[in-house]
Amino acid sequence: MSHLGYMFAGYTVVIIGLLLYVRRMVSRLREVDEELHELRRRLGEAGPHR
Amino acid sequence: MRGMEWFGALASAALVAVLYVALLVAPEAVGEGAVQRILYIHAPSAFAAYGCIFVAAGASAVYLWKRSPAADRLAASAAEVGVLMCTFVLVTGSIWGRARWNAWWTPDPRLTLMLILWAIYVSYVLLRAFGGDDEEIAPYAAVVAIAGVLAIPAIRVSSRLMRGIHPSVIAPRDGGTGLADPYMRLALWGGAVAMLLVAAWLVTVRTRLERVEREVRAVRRAADAAEGVV
């Protein structure tokens, strides 16, 4: 690998790492959102019987 | 969330601007080759890592003192982003070392202490992820975060007291001049500001996500209890 290749490898690792971390946070946000809907549904179903 | 989006856009724009200066504007250091430009992402990642870890340790101390859940959430988030930044430091340093020293790793005191810092904070993140209930694990995690931060002054002291081969560009030893060109300094210090902004944005978003996740877990426990689920 040339020195230019090493340089691009270094920058690519950081940029890809940052993008993957942001993507992971977005997917966790979606999971939390889905769980909230599930909880609302459960609480809504439980409500009238109590 | 509008403020968060603006903050994220500002941090991203700063990073793109600095990448432009680092890759296309700053002149190549004589005799170093293109790989020298890794410095402009390696050192800023180190500043961001130190910043995150200081925040994690400070917030952990506040948690131990006041038992503030907000401080605990901040510590957990800053530690996670700190691990990410430490990983960037180690990987970019390793790539630079392969190009310059023909070795991915060398047992230099500064490199070894950085690896120890990374390992301590990885153990912190694993403890938070798999240690069990947030409230039970928080005091132990706080102690790990505070103990781990001591590696940062050790890294600084080791670079002054122990003979290593890690280059000292920012505080040149042995009569070195550091970065002579103003665009090189702009790439380095602008990069530091940009990476600190990116890290601050990630910590802020992660802290909010942590708060919502904990609230959802608490509601789920309450719902399970109400339905008689063990």
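The values are calculated or read from the model by the stated rules, or taken from the named source; none is laboratory data. Bear in mind the structure is a predicted one, so any value in this text is a computation, not a measurement. In this analysis, Cβ positions are derived from the backbone assuming ideal geometry, glycine residues included, and neighbour counts consider all displayed protein chains.
Structure notes:
- You will find that of B:TRP201, B:TRP189, the residue that is under 24 Å from A:VAL14 (Cα atoms), modelled with pLDDT of 90 or more and out of contact with any helix residue (DSSP H, G or I) (no Cβ under 8 Å at 6 or more places or on another chain) is B:TRP189 and no other.
- Screening B:TRP101, B:TRP105, B:TRP118 for residues that are out of contact with any Phe, Trp or Tyr (no Cβ under 6 Å at 6 or more places or on another chain), crowded, with 18+ Cβ neighbours inside 10 Å and of a type in the set (Phe, Trp, Tyr) leaves exactly one candidate, B:TRP118.
Residues are listed down the side, and each one gets a yes or a no for (1) over 25 Å from A:MET25 (Cβ atoms); (2) more than 9 Å from chain A (Cβ to nearest Cβ):
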position	(1), (2)
B:GLY190	yes, yes
B:LEU197	no, yes
B:ALA200	no, yes
B:VAL203	no, yes
B:THR207	no, yes
B:VAL212	no, no
B:GLU227	yes, no
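- Every pair of residues 6+ apart whose Cβ atoms lie under 7 Å, when the first sits in the range B:90-106 and is away from chain A (no Cβ under 11 Å) while the second is in a loop (DSSP other than H, G, I, E, B): B:THR106/B:ILE165
- Filtered residues of the range B:179-203 (kept if outside any helix (DSSP H, G or I) and crowded, with 19+ Cβ neighbours inside 10 Å): B:LEU179
- Filtered residues of the range A:3-30 (kept if more than 9 Å from every other protein chain (Cβ to nearest Cβ) and either at positive phi or not polar (S, T, N, Q) (or both)): A:ILE16, A:LEU19, A:LEU20, A:ARG23, A:ARG24, A:VAL26, A:ARG30
- Filter pass, B:TRP6 being outside any helix (DSSP H, G or I), modelled with pLDDT under 95 and away from chain A (no Cβ under 13 Å): no
- Restricting B:SER12, B:SER68, B:SER77 to those that are surrounded by fewer than 18 Cβ atoms within 10 Å (Cβ to Cβ), polar (S, T, N, Q) and within 12 Å of another protein chain (Cβ to nearest Cβ) reduces the list to B:SER12.
- Residue ID - surrounded by the most Cβ atoms within 10 Å (Cβ to Cβ), chosen from residues in the range B:15-27 that are closer than 19 Å to A:THR12 by Cβ and more than 21 Å from the chain's Cα centre (by Cα): B:ALA26
- Taking the range B:204-230 as the range and being in contact with a helix residue (DSSP H, G or I) (Cβ under 7 Å, 6 or more places away or on another chain), surrounded by 14 or more Cβ atoms within 10 Å (Cβ to Cβ) and not hydroxyl-bearing (Ser, Thr, Tyr) as the test, the residues that pass are B:VAL205, B:ARG206, B:LEU209, B:GLU210, B:ARG211, B:VAL212, B:GLU213, B:ARG214, B:VAL216, B:VAL219, B:ARG220, B:ALA223.
- Residue, nearest to the other protein chains (Cβ to nearest Cβ), within the range B:20-37, restricted to residues that are closer than 18 Å to B:VAL198 by Cα and in contact with a helix residue (DSSP H, G or I) (Cβ under 7 Å, 6 or more places away or on another chain): B:ALA22
- Any hit, the range B:79-101, residues being within 21 Å of B:LEU186 (Cβ to Cβ), in a helix (DSSP H, G or I) and hydroxyl-bearing (Ser, Thr, Tyr): yes
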